[in-house]
Amino acid sequence: MCPDPASLGPNAATAGGYSPVEVPSEDATKAAQAAAKKAWNADSTSDEGRCYDEVIAVCGATEEDFINSVDVTAACSQVVAGTNFKLAFTTTIPCDREGKAKLENTAQ
């Protein structure tokens, strides 16, 4: 996702670049949870928002359930006027067996 500065050699310029973050990281997890919350609250007129609305209606999960299921798998940070992150993460909308059966063969 981002190069390890040590792998770039002794003369590599990395000032201002992205550096790997050890996972799990509280800051990376918070950034991923904020991204998940943004997706959760997507406008229901967008494709993404309609998908969440349908799944949530069937599964009955809450925003908190969804955000708490975030699992960061890789992260890089860039320190500039604040900290930027590049993240790879998964999250799961909790759904019981009956709800999963209702969603089978749908676009989700």
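Just so you know, all these numbers are worked out from the coordinates, no wet-lab data involved. None of the values given here were measured: they were computed from a predicted structure. Virtual Cβ from ideal backbone geometry, glycine too; neighbours counted across all protein chains shown.
A few comments on the model shown:
- Only lysines eight or more places from residue 38 in sequence, or on another chain, were considered; those with a Cα closer than 25 Å are 30, 86, 100.
- Potential lengthening of the chain between residue 1 and residue 37 amounts to 10.7 nm, from the contour at 0.36 nm per residue minus the alpha-carbon distance.
- Think of the range 64-108 as having a plus end and a minus end, set by charges on the Cβ of Lys, Arg, Asp and Glu; of 77, 89, 66, 77 sits farthest toward the positive end of this dipole.
- Relative counts (whole %) of C-alpha pair distances in the range 58-108, using bins that are 5 Å wide: 4, 17, 16, 18, 15, 11, 7, 6, 4, 1
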